[in-house]
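Inspection log for the structure reproduced underneath, given as structure tokens.
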Amino acid sequence: RGFVLVHQQLAHERILYERLIAASSGKPMAYQRTLFPATLQLSAQDSVLLEELLNDLLHLGYLVEPFGKESFVIQGTPADLDQGNEKAVIENLLEQFKYFSSDIKFSKKEKLVRSLAGQQAIKTGVSLSSSEMTSLIQDLFACTQPGVTANGSPTYIEFKKEYMDQLFKRT
């Protein structure tokens, strides 16, 4: 009857987006304390921005605490996130959040969730095992809107038999 071609990064982004939206609106995501907390030294502007986001970040599994003037300590991260790049995640989050800030149609929570989902998604070209692929597909089709990302990009393309027949000039 055809086949479906899934873009793994966009599919994972959709899955993460829906999980993060649910966590930001309801029960907070679990976090695990880091063995070696990372210290962030930020500009005054980024420091003010991060201060505003601390409570929302806690709901999304990031335990970040002020640590003096324009410094923060990352004490915990989402339990299902790989450890070791916490500092880069927060720094990239701030940059993406500032990028989204010019778009007034999104709330602070929406900007934060979009930034995190895009950043944490599996990158294109990363090889997945068969079980990881199966899990990704199951999670994608369990989403409320599996066909598109929050930005409207398609997560998969369906090649139906009729379309395939037209491509190969078989009617």
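The values are calculated or read from the model by the stated rules, or taken from the named source; none is laboratory data. Treat the numbers as computed from the prediction; the structure is a model and nothing was measured. Note that we place each Cβ from the backbone using ideal geometry, even for glycine, and neighbour counts take in every protein chain shown. Accessible surface areas use protein heavy atoms only, side chains included; no ligands, DNA or RNA. Shrake-Rupley method; radii C 1.70, N 1.55, O 1.52, S 1.80 Å.
Looking across segment 3-28, the residues that are of a type outside the set (A, V, I, L, M, F, W, C), touching a residue at least 12 places away in the same chain (Cβ under 8 Å) and open to solvent by less than 50 Å² (accessible area, probe 1.4 Å) come down to 8, 9, 12, 13, 14, 17, 18, 24.
As a summary of the residue check, residue 97 satisfies the conditions (1) of a type in the set (Phe, Trp, Tyr); (2) open to solvent by less than 60 Å² (accessible area, probe 1.4 Å); (3) within 24 Å of residue 136 (Cβ to Cβ) except for the one numbered (3).
In segment 29-39, the residue that is nearest to residue 114 (Cα to Cα) out of those that are loosely packed, with under 13 Cβ neighbours inside 10 Å and not β-branched (Val, Ile, Thr) is 30. For segment 146-171, the set of residues classified as in a loop (DSSP other than H, G, I, E, B), open to solvent by less than 50 Å² (accessible area, probe 1.4 Å) and either aromatic (Phe, Trp, Tyr) or touching a Gly at 6+ places or on another chain (Cβ under 8 Å) (or both) consists of 155 only.
Residues checked against (1) hydrophobic (A, V, I, L, M, F, W, C); (2) open to solvent by 100 Å² or more (accessible area, probe 1.4 Å); (3) outside any strand (DSSP E or B); (4) in contact (Cβ under 8 Å) with a residue 24 or more places away in the chain:
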site: 105; (1), (2), (3), (4): no, yes, yes, no
site: 109; (1), (2), (3), (4): no, no, yes, yes
site: 123; (1), (2), (3), (4): no, no, yes, yes
site: 144; (1), (2), (3), (4): no, yes, yes, yes
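Of all residues in segment 40-63, those that are open to solvent by less than 70 Å² (accessible area, probe 1.4 Å) and either free of Cβ contacts under 8 Å to residues at least 40 places away in the same chain or farther than 14 Å from residue 87 by Cα (or both) total 13.
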